[in-house]
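The values are calculated or read from the model by the stated rules, or taken from the named source; none is laboratory data. Note that the coordinates shown come from a computational prediction; the quantities given were computed from them, not determined experimentally. Note that each Cβ is placed from the backbone with ideal geometry, even for glycine, and that neighbours are counted across all protein chains shown. Surface areas here come from the heavy atoms of the whole protein model, side chains and all, with no ligands, DNA or RNA. Shrake-Rupley method; radii C 1.70, N 1.55, O 1.52, S 1.80 Å.
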Amino acid sequence: MKAHNKWLTAPLAAGLAAATLSGCGTDKDAGAGDGAGTIVVGMSDEVLSTDPAAGYDPGSWVLFNNVFQSLLSFPKGATTPQPEAAESCAFDKGASTVYRCTLRDGLKFSNGNPLTSEDVKFSFERTLRIDDENGPGPLLATIDKIETPDPKTVVFTLKVPDATFPSKIASGAGSIVDHREYRADGLRTDGKAVGSGPYKLESFGDDKAVFSVNEDYQGTAKAKNQGVTLKFYKGDRKALADGLSAGDVHVAYRGLAAEDIQKFNGSPTAGQKGIEVVEGSSAEVQHLVFNMKDPVVGKLGVRKAIAHLVDRQALVQDVYQSTATPLYSIVPAGILGHNTAFFDRYGDQPQPDLARKALRDEGIQGKVRITLYSTPNRYGPGTNDQLDVIAKQLNDSGLFQADVKSVEYEQYEKDIQAGKYGVYIRGWVPDYPDPDNFTQPFFGEGNVLGNHYENTKITGKIIPDTAAAADRSSAQDDFDRLQNLVADDIPLLPLWQAKQFAVAYNTVTGLEWTLDASTVFRFWELKKG
């Protein structure tokens with residue numbers, strides 16, 4: 001499996017997940033949009049592609065989820081996909097590798113062309129054929145063939161049983177494009193997008209994208225505004241915060257630093273303007289990863305000692321100002337199968353005596369020298385601060401001599417693949433809210449961790465079994481077992497799970513329906529009074 005771009009993407013607030021803000025009160029604020037009922041959203045992420053065959057980053061998926069339809073989608077607050085462009089979808093009885101969908105009547109693209117099963121087949125085959133290195137092809141890798149017996153029917157035959165297939169095609173990877181508008185073997189590079197979703201892309205430029213309501217849309221979404229303008233701040237968190245304060249945007253999404261969120265939350269000035277903070281759920285996580293072939297942290301006793309010494313509560317309070325919560329397993333809270341395997345084994349407070357015992361049992365007497373590697377230009381400015389705190393926690397025990405090195409992103413990725421780092425940071429934005437998306441990419445064959453970890457119980461038995469479980473709740477025991485095995489081996493140490501925040505002008509409502517574990521930012525739920 002090639003590296004997921006979602007895995008490589010920066011969390012937003014000082015290294016956290018998505019944050020949203022919105023402001024309010026003055027005449028200037030009320031006029032920030034391009035017209036009555038139009039909402040301006042500011043975002044520090046860039047939209048790296050308008051073509052669903054190439055984009056696999058959070059910014060691009062904001063566009064995909066609003067401009068394109070998928071056969072299925074995640075309703076607000078839900079983790080189980082429901083029909084969207086499809087009228088119905090289901091696995092054939094007795095055939096767990098055959099998935100059949102029937103399309104809605106009257107589907108049209110925003111250019112007026114009809115949407116049929118031919119377009120669905122074309123879209124999936126195109127993504128797989130192009131196989132762009134920054135595209136979502138890995139999510140569709142279980143597809144063997146696609147058949148279209150009639151204009152309304154699509155039949156997927158899978159290579160292996162894959163109960164998560166409905167969730168995968170409900171994500172941005174399942175975006176349906178018009179076969180008349182897109183090349184079968186090449187990416188679209190004109191900055192345009194033609195879909196059948198609730199919004200049309202009117203224009204896309206260097207600093208903003210403009211969306212209007214698609215009057216031809218047939219689906220479950222009901223637009224509560226007249227359009228959305230997405231302004232790009234390109235990683236400039238201060239400019240995004242200033243834009244919100246100045247009333248240049250109604251909603252700031254993905255990119256505010258933790259201190260800015262806290263400042264808006266408690267500021268009398270913000271309160272006078274009508275700026276409100278809305279908290280939502282998130283499944284974005286961050287881990288400390290260990291290279292299992294490293295001569296130092298490749299030793300289980302060293303990893304156990306670190307697990308006994310890291311104080312997650314201090315991290316989320318001191319570095320992230322409580323815009324995240326401590327995480328004690330690889331499947332985050334709110335996702336089926338979550339447990340607290342690392343808490344159960346290593347506790348939630350530093351335990352130097354147990355850390356010392358782990359090292360002595362490994363035969364280590366002196367201080368352990370390690371370097372923690374960071375790349376803040378990918379994971380946010382808080383990443384260095386976080387690793388500094390962890391290094392201090394290790395050093396204060398008297399058992400470690402730890403330091404921190406910050407590396408530019410491109411070099412960071414090359415060095416990880418070359419096995420040069422013993423300990424490094426990884427963050428993960430899920431593709432879909434299922435425990436499979438927190439296990440298979442990390443611990444399956446050819447996983448994205450780059451840390452040389454393999455457990456044959458996981459790869460040979462648990463992952464195939466959980467992937468085949470159509471009743472996801474029936475896989476809970478297997479996911480529990482997997483998390484326990486990982487906690488025993490410690491190829492990584494879960495650190496925190498992000499929260500999502502909206503800080504909005506109080507003239508904007510509906511933000512709570514855009515901040516859930518599905519990671520879908522639903523333009524249509526936003527309303528400006």
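Which links in Lys159/Lys461; Lys273/Lys528; Lys168/Lys231 stretch past 19 Å when you go from one Cα to the other?
Those over the limit are Lys168/Lys231.
Taking θ as phi - 60°, what are the ³J(HN,Hα) couplings along the stretch 423-431 by the Karplus curve (6.51, -1.76, 1.60), each to the nearest whole Hz, with x for Gly and Pro?
9, 7, 9, 9, x, 9, 9, x, 7
How many nm is it between the label spots at His452 and Ser473, if each spot is 7 Å from the Cα in line with the beta carbon?
4.3
From largest accessible area down, sort Asp132, Asp190; use a 1.4 Å probe on the protein chains. Can you show the working numbers first?
Working: Asp132 35, Asp190 85 Å².
Largest accessible area first, the residues go Asp190, Asp132.
For Arg345 and Asp150, what does the FRET efficiency come to when R0 = 45 Å and r is the distance between their Cβ atoms, rounded to the nearest 0.05?
E(calc), rounded to 0.05, equals 0.25.
Tell me, what HN-Hα J-couplings in whole Hz come from the Karplus equation 6.51 cos²θ - 1.76 cosθ + 1.60 at θ = phi - 60° for each residue of the stretch 100-109, using x for Gly and Pro?
Ordered by residue, 3J(HN,Hα) equals 10, 10, 10, 7, 5, 6, x, 5, 9, 7 Hz.
Short version: ³J(HN,Hα) in whole Hz for each residue of the stretch 368-374, in order, from phi by Karplus 6.51 cos²θ - 1.76 cosθ + 1.60 (θ = phi - 60°), x for Gly and Pro, what are they?
Computed from phi, the couplings for the stretch 368-374 are 8, 9, 9, 10, 9, 9, 9 Hz.
Just need the relative contact order of the chain here, percent rounded to a whole number, with Cα pairs under 8 Å and 6+ apart.
For the chain, the relative contact order is 26 percent.
In a solvent-free Debye calculation with one equal scatterer on each Cα, what is log10 I(q)/I(0) for the stretch 376-528 at q = 0.14 Å⁻¹, listed in the order of the q values?
The Cα Debye sum returns log10 ratios of -0.94.
Please report, in whole Å, how far the alpha carbons of the stretch 65-205 spread along each principal axis, starting with the longest.
Over the stretch 65-205, Cα extents along the principal axes are 48, 33, 31 Å.
Give me P(r) over the stretch 385-440, computed from all C-alpha to C-alpha distances, binned every 10 Å, as integer percentages.
P(r) for the stretch 385-440, in whole percents per bin: 18, 34, 34, 13, 0.
Give me the Kirkwood hydrodynamic radius of the stretch 231-328, using the inverse of the mean 1/r over all pairs of distinct Cα atoms, in Å to one decimal.
Its Kirkwood hydrodynamic radius stands at 16.4 Å.
Near the amide H of Asn134, under 5 Å away, which other amide H atoms are found, from residues 5 or more places off or on another chain, if H is placed in the peptide plane?
none
Report in % the part of the accessible area of the chain that belongs to carbon and sulfur, leaving out ligands and nucleic acids; probe 1.4 Å.
Looking at the chain in its full context, I get 46 percent from C and S.
How much length is gained if the chain between Ser322 and Lys405 is pulled fully straight, taking 0.36 nm per residue apart and subtracting their Cα-Cα distance, in nm to one decimal?
Contour length minus Cα-Cα distance gives 27.4 nm.
Full-extension gain between Lys420 and Asp236, please, as 0.36 nm times their residue separation minus the C-alpha to C-alpha distance.
Gain on stretching Lys420 to Asp236: 63.2 nm.
When the Debye formula is applied to the Cα atoms of the chain, each taken as the same point scatterer, what base-10 log of I(q)/I(0) results at q = 0.08, 0.12, 0.13 Å⁻¹?
Debye intensities relative to I(0), on a log10 scale: -0.51, -1.11, -1.27.
Return the tail of the calculated pair distribution for the stretch 271-367, meaning the percent of Cα-Cα pairs more than 17 Å apart. Could the numbers behind the result be given before it?
Numbers: 2899 of 4656 pairs.
Within the stretch 271-367, distances greater than 17 Å cover 62 percent of Cα pairs.
On the principal axes of its Cα set, how long, how wide and how thick is the stretch 93-167? Give whole Å, largest value first.
For the stretch 93-167, the Cα extents along the three principal axes come out at 36, 35, 19 Å.
Cβ neighbours within 10 Å, averaged per peptide: list 207-220, 419-432 in order, most packed at the top.
Sorting 207-220, 419-432 by mean packing, highest first, produces 419-432, 207-220.
Keeping every protein chain present and rolling a 1.4 Å probe, give me the accessible area per residue for the chain in Å².
Per residue, the chain has 37 Å² of solvent-accessible surface.
Taking the highest mean first, how do the peptides 160-171, 436-447 order by number of other beta carbon atoms within 10 angstrom per residue?
160-171, 436-447
List the residues whose amide H sits under 5 Å from the amide H of Lys208, counting only those 5 or more places along or on another chain, with H placed 1.01 Å from N in the peptide plane.
Amide H neighbours of Lys208: Phe232.
Please list, in chain and number order, the residues 5+ apart from Glu87 or on another chain whose amide H is under 5 Å from its amide H, with Hs placed from the backbone.
Thr102, Leu103, Arg104
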